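The values are calculated or read from the model by the stated rules, or taken from the named source; none is laboratory data. This structure is a prediction, so every number in the text was calculated from the model and none was measured. Using ideal geometry, Cβ is built from the backbone for each residue, glycine included, and neighbour counts are taken over all protein chains shown. We work out accessible area using only protein heavy atoms, side chains counted, and drop any ligands, DNA or RNA first. Shrake-Rupley method; radii C 1.70, N 1.55, O 1.52, S 1.80 Å.
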Amino acid sequence: MAKLKGFLSVACLFVAAALAVSCQEKLEDSDQYKVPDWLKGNAYQMLSSEGNYSQFLQGINLTGYSALVDGRSILTVMAPDDNAFSSFLQKYGYSSVEDMHAKNPALLKKTIAFHLMYYAYDWDKLVNFRPNEGDGATDEQKATNAGLYYKHRTRSADDIEKLRVKFTKTAANDTLLSIYHYERFLPVLSSKLFETKGIDAAYNYQYFFPGSTWTGGNYGFNVANASVTDGKAAITDNGYLYRLNQVISPMETIYTILKTNPNYSDFLSLYDSYSTWEEADQETNKNLGYTAFIHRHGSLPSIACEWPVTDYKQMATLESRGYSIFAPTNQAMNNFFTRYWTPEGGYKQLSDLDPLITQYFIMQSFADATELVFPEEIKNGTVLTSYGTPINIDPDQVTDRVMCVNGVMYGMDDMKAPAIFSSVVGPAFKDTTYVDYLYALDGSNLILSLASNKSEFVALIPTNKQFTNNDPPFRLYTTTQGRSLQQYSADAGDFVNASRGTMLSLVNIHTASNVNQLPATGVQVIPTNSSFNYWFVRNGQITTNSLFNEQLTPGYTGTPYVDFHEITMDGQPWDNGRAYSYDAPQLFAESSGDGVAHLLAIGNDRNYEYYLFSQLLQKAGIASGATLTVAGDDIRNIVFVPTNEAIRQNIDKIPGCSALKIDESYNITGTVSTANKALLANYLRNYFVSSLMNTVASYPYPGSTCKGDFLTMTGATLSIIDNGSTLSVKLDSEAAKTVQVSTKYDSLPFAFSDGCMQLIDDILE
């Protein structure tokens, strides 16, 4: 794909022209067509003439690549000399190239082919390849992601692999598949790569290649574990030639490294539980003459495939993308499992873990980066997991440090709990009692936000039993396709998958931000992450405003409060807050159904504590049917409602009520003239603080931000006064009295989606 540039392009043009006119006598002697003296032939010819590359050339001959290197194909050759090749053979226990070919021809072929790169890469291209802009890149373009297009396609590839696999876990029989392996990419780590990342080249390079030395300088590169010996490229008539001080050690995929090291078998077993088998592209299968497959792993990073994408034309992706994995050894996995999961939690061994837990565990083992992650970047704290959570490792304590053809592997002998597992949602991962909530968390897409260490949370963690007992009930449903949280639908007459909105609402009502605990004594209102929905905590018990509102219902004799219990991580709070269970028979839920305006409009039972106020609204024409004239879509009203007793004792003081009486059944008798109706309506509007005239960000309660001066629906000023543990209100008149908010309900609001009601012990004057 890369074009030869400069004098190489001219040289090839000379050669092509000379060949085209070779039938003409001595035309090649013409200066116009004569091959330049500095062009010494192709790579094979040049290496043969130098005499110190016999073993590499013999490897080329034995593996069948001589026609390629000694031909007209454009390529880049990385050539180790005889000394380098002898050291390589000795390392692998072979006496000669011929011996290696006889005993392990596949390894020799893979090794030789690793030194033969597609296309022609001059020095500039290996320092800062530009797959999109090419040779015409501007200085500005060259500075963008300089050096990050670091790996280049070679001729090295494994043969077709035959595997018997089950397409699904429940499949009755295995199927014999041909697994296709793409050609390997060779990492060329340049000075520009480290410069772009702002990290030290020598330390970060030698971290992965401890037996090699960084020789890239200020404008150079190392080719995997090898250095270029003469600091420049040799120009051939079919590409470029680089002389190396070492044989490029055979490189594998991350998956192969894990698979061939028994120390990682437990982690690999979890990863392989997501194995999928995808047909190779049509062009590949057409060339093969039969259907081949690629080993994938569903939505997990595809570390088993040599290429991140299978379209060779997507050069920018192929040349830059590399996975970075932090893989625990079996010992690390076992130690972590026994520390984190206890038999009491229901998970007794790794195979017991719910598939969703496994997926989160694996995904937190991958960096959230599309290019290589180096140890200095981890130390700097700039590397996050694929979930956006911190990487909890010390790279200097990593034993297995492997650069692979599709990324890098950090092998961990010890591991800390991943950030999600140690956050306030940790109980849902740790205990089977809360697995239903784990699926609600996952479906809400809030799980990563709640794992953040940039905020503090209090989380309520509902049990599976609360999901089952809910009205309508939930269930965790398992099929061959996986597990999903479902809720009963009366319309469908069956369980259906819970919507994201349902799960979002459920999680938000169970979460509060920027608080650190639930108090064991006293009364406190805690805003939840669901707007205008609250937890009310009183003396070690908790409720929601939705349950609290039930106290308005005539005949209600119970208590909306239930006990709560802290869930700890080994006796300590979680990394970003505290988690609690609660003893309600079913799930806490957001306030729903009829709002405060509807309740006031239809308050037709004398047992309602706002019964007389509702009748006055009707007399004034503010209440009509089941609605209020002061209500409407997107309007939020804070209403201070005098109790029945307050109105009964002060009916004669209320403007427009001179002709009205209240009987023993709390019914208001008498008629209101047109003039008095207007007086009464104007007066009653003083009890309404509306979002039409004010910013309503919260409802009033002790400790709320909703305090100070507000405009009523008449334009008068109403002061909401926070006394510490109680509230009071006062109109702006000098003669007006301060009215206490009823303490019967601890000055807590009856909060709804369209506003709230606070009962007061007197009328406003």
Taking the condition of being without any contact (Cβ under 8 Å) to a residue 40 or more places away in the chain and farther than 14 Å from Cys756 by Cβ, how many residues in the stretch 694-704 meet it? 1
Name the residue, out of Arg578, Arg538, that is farther than 27 Å from Ile763 by Cα, over 27 Å from the mean Cα position of the chain (by Cα) and among the basic types (Lys, Arg). Arg538
What's the number of the only condition in (1) among the hydroxyl-bearing types (Ser, Thr, Tyr); (2) surrounded by 22 or more Cβ atoms within 10 Å (Cβ to Cβ); (3) touching a Gly at 6+ places or on another chain (Cβ under 9 Å) that Tyr240 fails to meet? (3)
Name the pairs whose Cβ atoms lie under 8 Å apart, with the first residue in the stretch 596-613 and over 18 Å from Asp634 (Cα atoms) and in contact (Cβ under 8 Å) with a residue 24 or more places away in the chain, the second part of a loop (DSSP other than H, G, I, E, B) and aromatic (Phe, Trp, Tyr), and 6 or more positions between them or separate chains? Arg606/Tyr666; Tyr611/Tyr666; Leu612/Tyr666
I'm trying to understand the selection: among the residues of the stretch 196-210, which are in a helix (DSSP H, G or I), touching a residue at least 60 places away in the same chain (Cβ under 8 Å) and buried (at least 17 other Cβ atoms within 10 Å of the Cβ)? Lys197, Asn204, Tyr207, Phe208
With the checklist (1) under 24 Å from the mean Cα position of the chain (by Cα); (2) over 27 Å from Gln486 (Cα atoms); (3) in contact (Cβ under 8 Å) with a residue 60 or more places away in the chain in hand, flag the one item Thr511 doesn't pass. (2)
From Leu718, Leu711, Leu759, grab the single residue that is part of a strand (DSSP E or B), touching a strand residue (DSSP E or B) at 6+ places or on another chain (Cβ under 8 Å) and open to solvent by 50 Å² or more (accessible area, probe 1.4 Å). Leu711
Can you find, within the stretch 424-475, the residue that is nearest to Val537 (Cα to Cα) among those that are at pLDDT 95 or above and of a type in the set (Ser, Thr, Tyr)? Thr463
Identify the residue in the stretch 612-638 that is more than 46 Å from the chain's Cα centre (by Cα) and β-branched (Val, Ile, Thr) and, among all such residues, is surrounded by the fewest Cβ atoms within 10 Å (Cβ to Cβ). Thr629
Selected residue (criterion: least open to solvent (accessible area, probe 1.4 Å)) from residues of the stretch 276-291 that are closer than 21 Å to Thr154 by Cα and assigned to a loop (DSSP other than H, G, I, E, B): Ala280
Answer yes or no as to whether Ile248 is in a loop (DSSP other than H, G, I, E, B), open to solvent by less than 40 Å² (accessible area, probe 1.4 Å) and under 26 Å from Pro328 (Cα atoms). no
For the stretch 684-705, state whether one or more residues are part of a helix (DSSP H, G or I), more than 27 Å from Tyr534 (Cα to Cα) and modelled with pLDDT of 95 or more. yes
What residue, among those in the stretch 543-572 that are in a helix (DSSP H, G or I) and either among the small types (Gly, Ala, Ser) or within 41 Å of the chain's Cα centre (by Cα) (or both), is surrounded by the fewest Cβ atoms within 10 Å (Cβ to Cβ)? Glu550
Against the definition (open to solvent by 50 Å² or more (accessible area, probe 1.4 Å), of a type in the set (Asp, Glu) and within 26 Å of Trp535 (Cα to Cα)), how does Asp413 come out, yes or no? no
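Residues checked against (1) farther than 27 Å from Asn508 by Cα; (2) modelled with pLDDT of 90 or more:
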position	(1), (2)
Thr358	no, yes
Ala369	yes, no
Pro375	yes, yes
Lys379	yes, yes
Can you tell me which residue among Arg648, Arg578 is basic (Lys, Arg) and under 30 Å from Pro472 (Cα atoms)? Arg578
Residue selected from the stretch 128-140 under the condition closer than 20 Å to Thr317 by Cα and over 33 Å from the mean Cα position of the chain (by Cα), by the criterion least open to solvent (accessible area, probe 1.4 Å): Ala137
Meets criteria (in contact (Cβ under 8 Å) with a residue 12 or more places away in the chain and crowded, with 16+ Cβ neighbours inside 10 Å) for Leu148: yes
So which residues in the stretch 134-166 are assigned to a loop (DSSP other than H, G, I, E, B) and over 29 Å from Met251 (Cα atoms), if there are any at all? Ala137, Thr138
If Lys416 satisfies all but one of (1) without any contact (Cβ under 8 Å) to a residue 12 or more places away in the chain; (2) assigned to a loop (DSSP other than H, G, I, E, B), what's the number of the condition it fails? (1)
